[in-house]
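Participant: Input: one structure, supplied below.
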Amino acid sequence: MAQKFLFCLLVFPALWVNSQSDFLDQLKIYKINDPVLKEIQFSVFKKDMDKKKPLLLFLGGSGLEPTFKYNRADQQVYYTGFYRFSQYKDRYHIVFINKAGIPLYDSVNNNNEQYKVTPFAEANNTADWRAQSASKAIDYLLKVLPVDTSNVIVVGHSQGGQVAPKVAVLNRKVKKVVIMSANALDHIYDRMLLARQQALNNQMSYEEAQYVVDSLLTIQKAIYQSPADTQQTFWGDPFNKWYSYSKETPLENMLKLNIPILLIAGGRDVEGSYIANTDYAALEFIRKGKQNLTYKVYPNYDHIYGETARKYGEEIGLGFKANAVVDDVFKWLGEK
């Protein structure tokens with residue numbers, strides 16, 4: 001797990017294309033110039049674009065990278081997100097969107113080089129930018145595409161899953177939300193839970209765990225004292241980014257919604273999104289008497305849906321099951 005556990009970057013190869021032109025020919029790319037957000041870029045697959053279909057906007061995980069990245073070294077296009085969603089373009093208008101100050105599509109020499117970003121991208125790498133840009137993209141597409149307006153969906157994974165319910169709060173045209181492997185509470189609380197668990201499992205002392213918790217409380221206070229600060233950082237990310245993802249929790253936004261919500265979690269996911277806080281979200285919906293949450297846990301899956309089983313005391317890898325999880329998402333969408 002990378003040091004920046006908070007917003008892990010998930011990149012999966014698009015094995016179905018082997019050139020820039022082949023890939024770009026499949027997309028219609030739109031651009032909005034917003035006075036505050038600046039350029040927002042988003043795409044829709046051209047396949048059956050004139051057909052009236054549900055609209056599904058996907059928000060990928062973290063990292064200051066293009067949503068689609070062409071690798072010159074191996075001549076393949078890589079997705080920041082799950083390639084499987086594109087396989088449903090016959091039935092849905094599948095929408096991918098950029099991040100602040102970063103193009104939707106760009107080329108790199110190889111996947112090992114760090115993508116160069118602008119100061120605007122670093123300063124606006126926030127939940128607010130992502131949610132507001134997604135809402136504006138939805139409004140724009142509803143004007144230019146034949147969309148089944150009763151079936152507008154936002155799906156987010158990891159960091160994108162934190163943003164997804166916020167988009168639905170901002171834009172009531174959204175009728176369904178899917179949250180995949182995203183924390184429901186504050187990510188700093190995730191680290192507190194992890195420290196307590198490590199103490200219980202004899203991976204650190206109880207004194208060490210308390211030191212971690214006290215340190216995290218101290219940094220949270222500092223973040224809240226300087227919520228707009230882009231110079232001070234914690235784990236490599238500026239305070240304004242931390243504040244934007246903690247000033248309201250995903251659970252708070254989820255509870256504001258009365259539309260169907262699918263919350264997906266991996267039972268082995270503790271570093272990327274602590275499973276215990278999504279469990280708490282399910283409890284809170286019951287406590288509030290709300291009936292609009294479906295909570296689906298894959299007990300043996302991790303943050304990106306790698307499956308393992310324990311046999312004779314050893315962890316046995318059973319493969320990457322993200323495609324099956326995405327298929328389950330569309331099954332649920334078809335039922336709601």
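Participant: Normalising by the residue count of segment 53-194, find the relative contact order in percent from Cα pairs under 8 Å and 6+ residues apart.
Facilitator: With pairs under 8 Å counted, the relative contact order is 29 percent.
Participant: Could I ask something else about it? How charged is the neighbourhood of residue 310? Take every other residue with its Cβ under 15 Å from the Cβ of residue 310, and add Lys/Arg as +1 and Asp/Glu as -1.
Facilitator: -2
Participant: Using Cα-Cα distances under 8 Å and only pairs 6 or more residues apart, what relative contact order does segment 255-300 have, in percent? List each step's numbers first, then the result.
Facilitator: On the way: 47 pairs, mean separation 26.8, N = 46.
Result for segment 255-300 is 58 percent.
Participant: How many nm is it between the label spots at residue 218 and residue 106, if each spot is 7 Å from the Cα in line with the beta carbon?
Facilitator: Taking the simple label geometry, residue 218 and residue 106 are separated by 3.6 nm.
Participant: Which of 302, 237 has the fewest other C-beta atoms within 10 Å, and how do the rest follow up to the most? Kindly include the intermediate steps, with their values, before the conclusion.
Facilitator: Values: 302 20, 237 16.
Placing the least packed residue first, the sequence is 237, 302.
Participant: Quote to one decimal, in nm, the extra length available between residue 29 and residue 308 on full extension: 0.36 nm per residue of separation minus the C-alpha distance between them.
Facilitator: 96.6 nm
Participant: Given charges of +1 on the Cβ of Lys and Arg and -1 on the Cβ of Asp and Glu, with all other atoms neutral, how large is the dipole of the chain about its Cα centre, in debye to the nearest 20?
Facilitator: Dipole magnitude for the chain comes out near 1300 debye.
Participant: Follow-up question, since we're still on this one. Treat each spin label as a single point 7 Å out from the Cα along the C-beta direction, and report the residue 292 to residue 331 distance in nm.
Facilitator: Placing both labels 7 Å beyond Cα along the Cβ direction yields 2.5 nm.
Participant: Please list 38-45, 205-212, 149-156 highest first by mean number of surrounding beta-carbon atoms within 10 Å per residue.
Facilitator: 149-156, 38-45, 205-212
Participant: Relative to the Cα centre, what is the charge dipole magnitude of segment 150-297, using +1 at the beta carbon of each Lys and Arg, -1 at the beta carbon of each Asp and Glu, and rounding to the nearest 20 debye?
Facilitator: That gives a dipole near 940 debye.
Participant: Okay, next question. If you take every DSSP beta bridge fully contained in the chain, what fraction is antiparallel? Give it as a percent rounded to 5.
Facilitator: On the way: 28 of 57 bridges.
DSSP beta bridges in the chain are roughly 50 percent antiparallel.
Participant: Still on this model: Ratio of alpha-carbon Rg to the 2.2 N^0.38 Å globular estimate for the chain, to two decimals, please.
Facilitator: Here the answer is 0.98, to two decimals.
Participant: Which distance in nm do the two modelled labels at residue 208 and residue 226 give, with both placed 7 Å along the Cα-to-Cβ direction?
Facilitator: Computed distance between label sites residue 208 and residue 226 equals 3.0 nm.
Participant: Take the alpha-carbon centre of segment 293-336, take the same for segment 146-176, and report the distance between them in whole Å.
Facilitator: Each part's Cα centre sits 22 Å from the other's.
Participant: Moving on to the next point. Would you list, by chain and number, the lysines whose Cα falls below 17 Å from the Cα of residue 256, excluding same-chain residues fewer than 8 positions away?
Facilitator: Partners found: 166, 173, 175, 176, 247, 288, 290.
Where a number appears in this text, it was derived from the coordinates with a stated rule and is not lab data. The model shown is predicted, which means the values in this text are computed figures rather than measured ones. Glycine also receives a Cβ, built like all others from the backbone with ideal geometry; neighbour counts cover every protein chain displayed.
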